[in-house]
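K.L.:
Next up is a structure, given as structure tokens.
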Amino acid sequence: MSEDVRQEQVNRKKHKIINSDEEEVAVAPPKPKPKVKIDAAKYIYLFEPDTSADPPPKKKEKIQEQPKVRKEKDRDNEVKAKQFEDLRNEILIRWWYCFEDWPPKDYDYAAQLNRYKLRRVDQNNFKKEPEFVDGKRKVYEIDGFPGVYRTSLGDALDLRPQETCPSSKNIENIGHRLLPKIYLKGLKAQLKDLQQYEPQNTQLANRLQQDIDSATRNYKKYLD
């Protein structure tokens, strides 16, 4: 090979000389692929992929929730609870017929007064008495409310036995088996009192007798 031909090949390699279109395609660098642009404001692709050949998306079947079936036992328990709640209310509105005398006549109020460092004085001499004697504050008993005392500041102090008080809280703690018996006891005592002091009130007497008969039938198993 002549020196001129060899030098031409070197120059071509060195300077990447291209003499034809075919040689240009062979040595041309690959074109970069277009980049997918994103609209930052709408967050959507400007070049969406071609999904014309894709199958349509399947619709999710909505599962219908089955209605909750209340058990017969649950309904019975609710009815039973409502009945006993009504019994408690009936007992509460006539508690003085359902229970023994409250507060008890023989209750030891002196012990309660000592416990709270109080001393009972006569109401007529209350203003003349000193506020404290031997560290005990003066109080007087409110008329008609044995066991309830008032201080010189006007505060009422209830020293009656709260554990036997016929309150809704205490009646709430009475067992189901006792409630019908207490209720019937109150109805009978109320009817007896009515017949003694208001014999002309036959309308209320008839209603009380109907309540007695109804309770005797409905709560028969609790009365044995």
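The values are calculated or read from the model by the stated rules, or taken from the named source; none is laboratory data. Every value quoted in this text rests on a predicted model; they were computed, and no experiment measured them. For neighbour counting, all protein chains shown are included, and Cβ atoms are generated from backbone atoms with ideal geometry for every residue, glycine included. To get the accessible areas, we keep the full protein, side chains included, count just its heavy atoms, and leave off ligands, DNA and RNA. Shrake-Rupley method; radii C 1.70, N 1.55, O 1.52, S 1.80 Å.
K.L.:
Could you grab me the full set of residues in the range 196-223 that are hydroxyl-bearing (S, T, Y) and closer than 12 Å to P180 by Cβ?
P.N.:
S214, T216, Y219, Y222
K.L.:
With at pLDDT 95 or above, surrounded by 15 or more Cβ atoms within 10 Å (Cβ to Cβ) and either in a helix (DSSP H, G or I) or among the hydroxyl-bearing types (S, T, Y) (or both) as the only criterion, which of I171, I182 stands out?
P.N.:
After ruling out the rest, the residue left standing is I182.
K.L.:
Just name the residue that is farthest from the chain's Cα centre (by Cα) out of those in the range 137-168 that are of a type in the set (A, V, I, L, M, F, W, C) and surrounded by 14 or more Cβ atoms within 10 Å (Cβ to Cβ). Give the derivation first.
P.N.:
Here is the first cut: in the range 137-168, the residues of a type in the set (A, V, I, L, M, F, W, C) are 139, 142, 145, 148, 153, 156-157, 159, 165.
After this cut, where a residue has to be surrounded by 14 or more Cβ atoms within 10 Å (Cβ to Cβ) as well, the list is 139, 142, 148, 157, 159, 165.
Details: V139: 42, I142: 39, V148: 35, L157: 33, L159: 33, C165: 27 Å.
The qualifying residue farthest from the chain's Cα centre (by Cα) is V139.
K.L.:
Another question, then. Taking the range 185-205 as the search range and keeping residues that are over 18 Å from W96 (Cβ atoms) and exposed (fewer than 11 other Cβ atoms within 10 Å of the Cβ), which one is nearest to the chain's Cα centre (by Cα)?
P.N.:
Within the range 185-205, the match that is nearest to the chain's Cα centre (by Cα) is Q203.
K.L.:
State which residue pairs qualify: first residue within 17 Å of F145 (Cα to Cα) and inside the range 100-124, second residue open to solvent by 100 Å² or more (accessible area, probe 1.4 Å) and basic (K, R) in any location, beta carbons under 7 Å apart, and separation of 6 or more residues or different chains.
P.N.:
What qualifies is L113/R120.
K.L.:
Scanning for something open to solvent by 70 Å² or more (accessible area, probe 1.4 Å), closer than 22 Å to G147 by Cβ and out of contact with any Leu (no Cβ under 8 Å at 6 or more places or on another chain), does the range 84-96 turn up at least one residue?
P.N.:
Within the range 84-96 (the criterion being open to solvent by 70 Å² or more (accessible area, probe 1.4 Å), closer than 22 Å to G147 by Cβ and out of contact with any Leu (no Cβ under 8 Å at 6 or more places or on another chain)), the answer is yes, since at least one residue qualifies.
K.L.:
I've got another one for you. Restricting attention to the range 207-224, and to residues there that are part of a helix (DSSP H, G or I), modelled with pLDDT under 95 and open to solvent by 70 Å² or more (accessible area, probe 1.4 Å), which single residue is farthest from L194 (Cα to Cα)?
P.N.:
The residue in question is K221.
K.L.:
Same structure again: Within the range 105-136, work out how many residues are outside any loop (DSSP other than H, G, I, E, B), basic (K, R) and open to solvent by 70 Å² or more (accessible area, probe 1.4 Å).
P.N.:
2
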